[in-house]
Amino acid sequence: MSGVIQWLCAVAPIVLLFLAIGVFRLPTQRAALLGAAAAAVVALTVQGGSPFLLGWEAAKGAWNSISILLAIWPAVFLYEMMVHSGAFPAIRGLVTKSTQDQLMSILMFSWLFSSFLQGISGFGVPVAVCAPILISLGVKPIWSVIITLAGHAWANTFGTLGLAWNVLVQQSGGEAGTATLVFTGILLWGCNLAGGLTICWIYGKGKALRHMAPMVLLISAVQGGGQLLTALFDPTVAAFLPTTAALLAAAVCLRAGAYTKAWSLESPIMEKTEGQLQAEGPSVPAARAVLPFVILAGVSVVVFLIPPVNHLLGRVSISLATPETVTALGFRNPAQAAYGQLKFLTHAGAVLIITVALSWWIYRKKGSLAAGSFLPVLRATVKKMLPVSLGILFLLICAQILRGSGAMEVVARGVTQVFGSFYGLAAPFVGILGAFVTSSNTSSNILLGSFQTSAAALLHIAPGILLTAQTVGGAIGTVLGPSTILLGTTTAGCGGQEGVVLKKLLPFALILVTLTGCIIYSATLLA
């Protein structure tokens with residue numbers, strides 16, 4: 001079989017997956033199942049894999065999904081619990097009572113609070129929560145979606161308690177080290193600053209930028225700089241703790257009198273008459289509304305950042321013993337006695353479960369949740385998470401089969417031969433393409449993390465450089481994800497305007513990813 005034909009066969013499952021989601025608009029779980037089936041066919045035929053190899057690679061993919069799903073389910077349950085209790089209208093009231101500065105209020109939700117929610121949960125929760133709040137502040141529905149997506153894109157690598165980053169480390173075989181953390185943190189800091197400045201520019205161009213520049217620079221230093229520093233200690237809380245600190249910093253500034261006076265401009269994103277601040281359903285006292293986040297921060301600090309506690313809890317782990325597998329073409333997967341070690345007591349999921357349990361107990365005791373609330377919250381969680389869970393499961397199986405059969409290495413070899421030394425310019429666009437198709441940086445890293453590692457090996461450059469390109473490009477690309485945009489327009493009540501949202505966000509994404517590509521290319525020359 002010629003090299004070109006082998007490459008076309010190896011890349012076919014990825015192309016099929018992209019077409020199924022991006023063109024034919026199949027649900028992610030169905031498209032991922034289709035991609036996994038195609039990967040299995042390629043592995044058994046073109047790559048010379050055996051049913052034994054196929055079974056073990058599928059098992060590895062399924063095993064890898066456990067650590068991801070363990071974090072997602074309690075995060076979404078926490079969100080649904082807070083929706084059911086009426087916590088979010090109370091959180092909105094905290095801001096509207098603290099400042100009469102229209103732009104400050106908008107930034108608090110489109111940039112600060114959306115990033116905070118991304119740090120905890122992700123998966124569309126920031127836009128689902130913040131877009132309706134922004135509408136109630138007078139922002140036009142379509143712009144509420146646009147500025148929220150632009151505002152929290154930077155947190156899509158270390159958000160969801162480090163999920164996309166941990167997946168990248170997993171899929172790259174542990175190649176993402178400290179240098180990669182630092183490089184990624186620096187570039188995401190730039191994305192963070194760009195998000196805040198972009199929202200100001202959209203609101204009122206130069207006047208808004210001049211008015212809000214000191215606050216934007218301060219908050220970006222706390223968010224972006226804080227993420228960079230925190231990642232060096234524990235990537236799991238690298239987005240959550242700085243976004244929490246940024247909210248506290250903003251609160252201190254408001255308490256001190258900064259940006260509290262009435263200020264506004266005639267803005268194209270604002271309705272002529274501001275929306276009425278009406279809460280839907282029950283509400284809770286403001287202190288109780290933010291309590292789950294306080295608990296989450298406290299538990300995270302104890303579990304992740306106190307070494308004796310982390311070390312003690314980290315002794316408990318489970319793993320999968322895997323045998324050696326070899327394809328007929330000679331691609332070898334060594335045996336591993338402890339594949340995919342999962343330290344579940346120091347896992348983000350354990351922290352979230354503790355937070356949910358304590359928050360639920362307090363909310364029930366204080367009457368914010370009725371006795372029969374558990375089943376409605378659980379049903380809402382299952383409805384949202386079942387398709388997401390199946391999509392992640394099949395994506396991981398697909399990616400693992402492609403990697404374990406050697407197909408991903410074949411794809412990387414062909415791409416790097418075409419681009420050669422200029423591949424660094426294209427590497428972030430690979431990440432943005434994966435995120436655009438799957439609407440998730442996590443899914444993009446699952447699918448393409450091992451590809452970037454293989455490309456780095458073929459080009460003889462440090463793999464961390466291309467892994468940074470992958471996850472930064474993926475973070476930027478999440479603003480263009482069709483399913484995320486659809487969730488936003490549906491929540492904001494402007495369904496059918498998805499194309500307009502995409503058109504408005506495209507320049508933002510392309511400018512950032514092009515700049516990222518130039519930086520990555522320069523790094524490959526200096527490495």
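The values are calculated or read from the model by the stated rules, or taken from the named source; none is laboratory data. Because the structure is a prediction, the values reported are computed rather than measured. We place every Cβ from the backbone using ideal geometry, glycine too, and count neighbours over all the protein chains shown. Heavy atoms of the whole protein, side chains included, go into the accessibility calculation; ligands, DNA and RNA do not. Shrake-Rupley method; radii C 1.70, N 1.55, O 1.52, S 1.80 Å.
Pairs are defined by a Cβ separation below 8 Å, a sequence spacing of at least 6 or placement on different chains, a first member in the stretch 265-290 that is under 19 Å from ARG92 (Cα atoms) and among the charged types (D, E, K, R), and a second member that is modelled with pLDDT under 90 and part of a helix (DSSP H, G or I); the pairs so defined are GLU280/PRO89; ARG288/ALA87; ARG288/ALA90. Here is the figure for the stretch 311-339: residues that are outside any loop (DSSP other than H, G, I, E, B) and in contact with a Ser or Thr (Cβ under 6 Å, 6 or more places away or on another chain) total 5. If the requirement is being in a helix (DSSP H, G or I), at pLDDT 90 or above and surrounded by 24 or more Cβ atoms within 10 Å (Cβ to Cβ), which of these qualifies: GLY206, GLY190, GLY151? Exactly one residue qualifies, and that residue is GLY151.
Residue-by-condition table, conditions (1) among the basic types (Lys, Arg); (2) open to solvent by less than 10 Å² (accessible area, probe 1.4 Å); (3) under 22 Å from LEU168 (Cβ atoms); (4) at pLDDT 90 or above:
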site: PRO463; (1), (2), (3), (4): no, no, yes, yes
site: VAL472; (1), (2), (3), (4): no, yes, yes, yes
site: ILE485; (1), (2), (3), (4): no, yes, no, no
site: THR490; (1), (2), (3), (4): no, no, no, no
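Residue pairs, Cβ under 6 Å, 6 or more apart or interchain, first in the stretch 311-332 and farther than 25 Å from LEU402 by Cα and open to solvent by less than 50 Å² (accessible area, probe 1.4 Å), second assigned to a loop (DSSP other than H, G, I, E, B) and of a type outside the set (S, T, N, Q). List them. Here the result reads GLY314/LYS343; SER317/LYS343, each pair linking the stretch 311-332 to a residue that is assigned to a loop (DSSP other than H, G, I, E, B) and of a type outside the set (S, T, N, Q).
Taking the stretch 84-124 as the range and being surrounded by fewer than 24 Cβ atoms within 10 Å (Cβ to Cβ) and free of Cβ contacts under 8 Å to residues at least 60 places away in the same chain as the test, the residues that pass are VAL95, LYS97, SER105. Against the numbered list (1) open to solvent by 40 Å² or more (accessible area, probe 1.4 Å); (2) under 21 Å from GLN100 (Cβ atoms); (3) not β-branched (Val, Ile, Thr), CYS130 comes up short only at (1). Just the residues that are within 17 Å of the chain's Cα centre (by Cα) and in contact (Cβ under 8 Å) with a residue 60 or more places away in the chain, please, taken from the stretch 477-504. THR478, VAL479, PRO482, SER483, THR484, ILE485, LEU487, GLY488 - these are the residues of the stretch 477-504 that are within 17 Å of the chain's Cα centre (by Cα) and in contact (Cβ under 8 Å) with a residue 60 or more places away in the chain.
If you check PHE123 against the conditions, is it out of contact with any His (no Cβ under 6 Å at 6 or more places or on another chain), more than 22 Å from GLY298 (Cβ to Cβ), modelled with pLDDT under 85 and not polar (S, T, N, Q)? It is true that PHE123 is out of contact with any His (no Cβ under 6 Å at 6 or more places or on another chain), more than 22 Å from GLY298 (Cβ to Cβ), modelled with pLDDT under 85 and not polar (S, T, N, Q). Taking the stretch 134-148 as the range and being open to solvent by less than 10 Å² (accessible area, probe 1.4 Å), in a helix (DSSP H, G or I) and of a type outside the set (S, T, N, Q) as the test, the residues that pass are LEU134, VAL145, ILE146, ILE147. Would a scan of the stretch 56-66 turn up a residue that is over 19 Å from VAL388 (Cα atoms), among the polar types (S, T, N, Q) and buried (at least 17 other Cβ atoms within 10 Å of the Cβ)? No.
Conditions (1) within 18 Å of TRP111 (Cα to Cα); (2) in a helix (DSSP H, G or I); (3) open to solvent by 30 Å² or more (accessible area, probe 1.4 Å); (4) at pLDDT below 95, marked per residue:
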| position | (1), (2), (3), (4) |
| --- | --- |
| LEU229 | no, yes, yes, no |
| PRO242 | yes, yes, no, no |
| TYR259 | yes, no, yes, no |
| GLU274 | no, no, yes, yes |
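Among the residues of the stretch 188-202, how many are farther than 11 Å from ALA153 by Cβ and within 17 Å of the chain's Cα centre (by Cα)? Of the residues in the stretch 188-202, 2 are farther than 11 Å from ALA153 by Cβ and within 17 Å of the chain's Cα centre (by Cα). Identify all residues within the stretch 243-264 that are within 21 Å of GLY195 (Cα to Cα) and without any contact (Cβ under 8 Å) to a residue 40 or more places away in the chain; write none if there are none. Listed by number, the residues that qualify are ALA245, LEU248, ALA249, CYS253.
Just give me the residues in the stretch 340-354 being part of a strand (DSSP E or B) and open to solvent by less than 50 Å² (accessible area, probe 1.4 Å), in sequence order. Correct list: GLY340, LEU342.
With the structure loaded, tell me whether PHE436 is in a helix (DSSP H, G or I), aromatic (Phe, Trp, Tyr) and more than 19 Å from GLN29 (Cβ to Cβ) or whether it fails that test. Taking the combined requirement at face value, the residue does not satisfy it.
Residue check: VAL145 meets all listed conditions (1) in contact with a Phe, Trp or Tyr (Cβ under 7 Å, 6 or more places away or on another chain); (2) modelled with pLDDT under 95 but one, namely (1). A residue that is modelled with pLDDT under 85, part of a helix (DSSP H, G or I), open to solvent by 10 Å² or more (accessible area, probe 1.4 Å) and closer than 29 Å to LEU34 by Cα cannot be found anywhere in the stretch 505-520.
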